[in-house]
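Here the structure comes first, spelled out in structure tokens, and everything after it is commentary.
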Amino acid sequence: MTNKLALHTRTAAAWFFALLLFFPIFWLALMAFKTEGQAIATPPLLFFTPTLQSFQEVMARDHYAGYAFNSLITSVLSTVLGLAIAIPAAYSMAFFPTGGTVGLLKFILSSRYMPGVGALMPIYVCFQYAGLLDTRVGLTLMFMLMNLPIMIWLLYTSLRELPRDILEAARMDGATVFHEFRYIVLPLSVGGIASTALVCMVWAWNESFWSLNLGASNAGTLAWLIASYSSPEGLFWAKLSAASLMAIAPIMALGWFCQKQLVQGMTFGAVK
């Protein structure tokens with residue numbers, strides 16, 4: 001009886017917290033199908049006739065497709081470029097460590113947790129002089145630099161789990177570093193690379209701080225589009241909700257279908 005009670009209690013608690021976390025998304029979806037008048041009604045309307053008016057206005061007038069394309073390009077390219085740097089870096093640290101490897105890894109990780117606002121001014125000035133403000137190239141570069149420390153750490157912990165016996169056998173057979181990396185390490189670490197890529201692409205897609213400060217109408221992402229619904233006249237709640245729902249829907253679908261890889265990527269090194 002005690003075990004059954006504990007099981008039911010844990011199940012009820014899990015459902016409670018799941019519904020609590022899902023409620024903002026439910027309310028967002030509810031607001032997206034209202035008119036602006038219904039969205040600001042007091043008390044809030046729970047029963048109403050759904051409308052697609054806000055979605056149509058966001059798609060037609062506010063060039064949603066352009067901002068979505070910017071988000072897709074910057075998140076995918078920043079992830080690819082980051083992996084091109086992080087994979088060799090993690091490989092060298094995992095299999096050819098030196099006395100300063102641990103210290104370097106700590107420094108790399110600490111740089112990721114520096115508040116973005118602390119680096120905003122020098123980065124903004126550098127981007128301004130380089131002509132990278134409000135460009136896809138600039139945002140791609142910024143997203144790549146933002147995620148690079150986490151990429152290196154996740155890949156490092158993933159590569160450390162590879163069996164050393166296979167690598168030593170390859171070296172005894174005369175395999176060069178390139179062949180060892182190309183034909184042994186990469187095939188064995190495909191899962192870790194995919195998990196890392198998914199995690200960092202989600203973070204790049206959701207990034208708002210650098211999008212708002214380094215982007216504008218030309219290279220703005222969906223975060224910039226959503227922020228544009230805040231104006232001196234007030235908030236357009238229905239359009240804001242519709243744009244937000246369309247912004248999070250692709251990444252929610254990706255997370256749903258790839259949840260195993262995402263969890264694996266975010267827990268590398270946590271357990272043996």
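The values are calculated or read from the model by the stated rules, or taken from the named source; none is laboratory data. Treat the numbers as computed from the prediction; the structure is a model and nothing was measured. Reconstructed Cβ throughout: ideal geometry from the backbone, glycine too, with neighbour counts over all protein chains shown. Accessible surface areas use protein heavy atoms only, side chains included; no ligands, DNA or RNA. Shrake-Rupley method; radii C 1.70, N 1.55, O 1.52, S 1.80 Å.
Just a few scattered comments:
- ALA247 vs. criteria surrounded by 14 or more Cβ atoms within 10 Å (Cβ to Cβ), touching a residue at least 12 places away in the same chain (Cβ under 8 Å), of a type outside the set (S, T, N, Q) and under 20 Å from MET59 (Cβ atoms): yes
- First in region 208-231 and within 16 Å of VAL137 (Cβ to Cβ) and open to solvent by 40 Å² or more (accessible area, probe 1.4 Å), second anywhere and assigned to a helix (DSSP H, G or I) and of a type in the set (D, E, K, R), Cβ under 9 Å, 6 or more apart: ASN218/ARG136
- Taken over region 1-43, the criterion of being part of a helix (DSSP H, G or I) and of a type in the set (Phe, Trp, Tyr) is satisfied by TRP15, PHE16, PHE17, PHE22, PHE23, PHE26, TRP27.
- Qualifying positions in region 187-196 - part of a helix (DSSP H, G or I) and touching a residue at least 12 places away in the same chain (Cβ under 8 Å): LEU188, GLY191, GLY192, ILE193, ALA194, SER195, THR196
- Check on VAL177, more than 20 Å from GLY66 (Cβ to Cβ), β-branched (Val, Ile, Thr) and at pLDDT below 80: yes
- Region 256-272, subset surrounded by fewer than 16 Cβ atoms within 10 Å (Cβ to Cβ) and assigned to a helix (DSSP H, G or I), residue modelled with the lowest pLDDT: MET266
- Some residue of region 8-24 being open to solvent by less than 80 Å² (accessible area, probe 1.4 Å) and touching a residue at least 40 places away in the same chain (Cβ under 8 Å): no
- Test: residue in region 107-128 that is open to solvent by less than 20 Å² (accessible area, probe 1.4 Å) and under 17 Å from the mean Cα position of the chain (by Cα): no
- All positions within region 204-251 that are outside any loop (DSSP other than H, G, I, E, B) and of a type in the set (Phe, Trp, Tyr): TRP205, PHE209, TRP210, TRP224, TRP237
- Condition check for GLY103: surrounded by fewer than 16 Cβ atoms within 10 Å (Cβ to Cβ), assigned to a helix (DSSP H, G or I), out of contact with any Ser or Thr (no Cβ under 9 Å at 6 or more places or on another chain) and free of Cβ contacts under 8 Å to residues at least 24 places away in the same chain: yes
- Every residue from region 44-59 that is part of a loop (DSSP other than H, G, I, E, B) and open to solvent by 70 Å² or more (accessible area, probe 1.4 Å): PRO44, LEU46, PHE47, THR49, PRO50, LEU52
- Residue match in region 193-203 (condition: surrounded by 12 or more Cβ atoms within 10 Å (Cβ to Cβ), under 15 Å from MET93 (Cβ atoms) and in contact with a helix residue (DSSP H, G or I) (Cβ under 8 Å, 6 or more places away or on another chain)): yes
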